[in-house]
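The structure appears right after this line, and notes come after that.
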Amino acid sequence: MAGLALLAGVCCLAEPAETLRLARAPGLPPPGAAVAGALGRPAVRLAGDRARVWLVRVGDTVAVYALVRDPTLTPSDEIVVSVDPAGDAGPAPRHDDFQWRIRRSLDSSVVYRGREGRWAPPRDDPDWRLGAERGGGGWEVSAVETGDGWCLVLRLHAAFFEGEAGRRPRAAFRFYTGEADGWFAWPGERSGAHPSAVEDAPDQWAVTVSSP
C-alpha cells in the first residue's frame, strides 16, 4: 500500500504543465481586428473565442497579441500577462517573475515584479500607474478598440522568453470584461479557485514551446 501511495504521489508530481506555442512570423501586424487573419491560429482560445491570444517572435521581439470580444467598455476591463522568464516555476511570485496588468484604458495599467512571494509595483508605490508612458525596460504596450471589443499588443524583448539553466519560460493570461461572468484565465486554475488565482502561482503557468 505504501508503494502504491508513493507511486500516486510521483504521478501527481509528474503531471505535465500546459504548453504555449511561440510562433515565428515575418513581421508584427499593428493592433486591431485584422490580427486574427494575419497571425492565423491563436495559441490560446477562451470562452468560445471571446478571448484569443497569439505569441509571436520576430527577431529580438516577442509580441503578445490579445483580442477580446467585449463591446461594452468599462474602467475595469483588463488583460493580465504574467511571465516567468527563468522558468523556475515557483509556488508564488519571485524576483525573476513579471506581470503586466493592462487596462483597456492604458493610463490605468500597472507593471509588477515578483518580490518575496508577492507582486510589487515600481518603487513599491501602490498608487503607481502607467499614465502617459507606453513602455519600460524591454517592453512596450499598445491597444486599440475594434468593432466588438479591443486588441492589445505587448511587445517584449526576446530575453523574457529565453529561459535559464535549461528550463523553458512560462506564461499565463487572465481576462476581465467588467461583468460577473467575465473572468477568464489560462491555464485554468486546477483547484477550482477564482480565475485570478493563477496570477499568483507561477508553477501553474504554461511552458512556452517555440515553433521551428
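Please treat every number below as a calculation from the coordinates, not as lab data. Everything quoted here is computed from the prediction, not taken from an experiment. When we count neighbours, we look across all protein chains shown, and the Cβ atoms used for this are built from the backbone with ideal geometry, even at glycine.
Numbers for the structure displayed
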{"read-out": "For the range 37-114 versus the range 135-186, the gap between their alpha-carbon centres in whole angstrom", "value": "1"}
{"read-out": "Net charge, ARG94 excluded, C-beta distance under 9 Å - Lys, Arg +1, Asp, Glu -1", "value": "-4"}
{"read-out": "At R0 = 25 Å, FRET efficiency that the Cβ-Cβ distance of ALA197 and HIS95 yields, to 0.05", "value": "0.75"}
{"read-out": "Three-way shape label, the range 17-210, alpha-carbon gyration tensor, a/c 1.5", "value": "rounded"}
{"read-out": "Helix-only CD estimate at 222 nm, as mean residue ellipticity for the chain, using -39500 (n - 2.57) per DSSP H run (n ≥ 4)", "value": "-2000 deg cm²/dmol"}
{"read-out": "Sequence-separation-based contact order of the chain, relative, with Cα cut under 8 Å and 6+ spacing, percent", "value": "26"}
{"read-out": "Cα gyration tensor shape for the range 109-212, rounded if a/c is under 1.5, else prolate or oblate", "value": "rounded"}
{"read-out": "Cβ crowding within 10 Å averaged over residues, with 144-157, 109-122 ranked highest first", "value": "144-157, 109-122"}
{"read-out": "Helix axis angle, 2-13 relative to the chain longest principal axis, alpha carbon, degrees", "value": "20"}
{"read-out": "Net charge over other residues, Cβ less than 13 angstrom from the Cβ of ALA23 (K, R count +1; D, E count -1)", "value": "+4"}
{"read-out": "Highest to lowest packing among 203-210, 181-188, scored as the average C-beta count within 10 Å", "value": "203-210, 181-188"}
{"read-out": "Potential extension, GLU116-ARG41 segment - 0.36 nm per residue separation minus Cα distance", "value": "23.3 nm"}
{"read-out": "Counting DSSP beta bridges with both ends in the range 17-210, the antiparallel % (nearest 5)", "value": "90"}
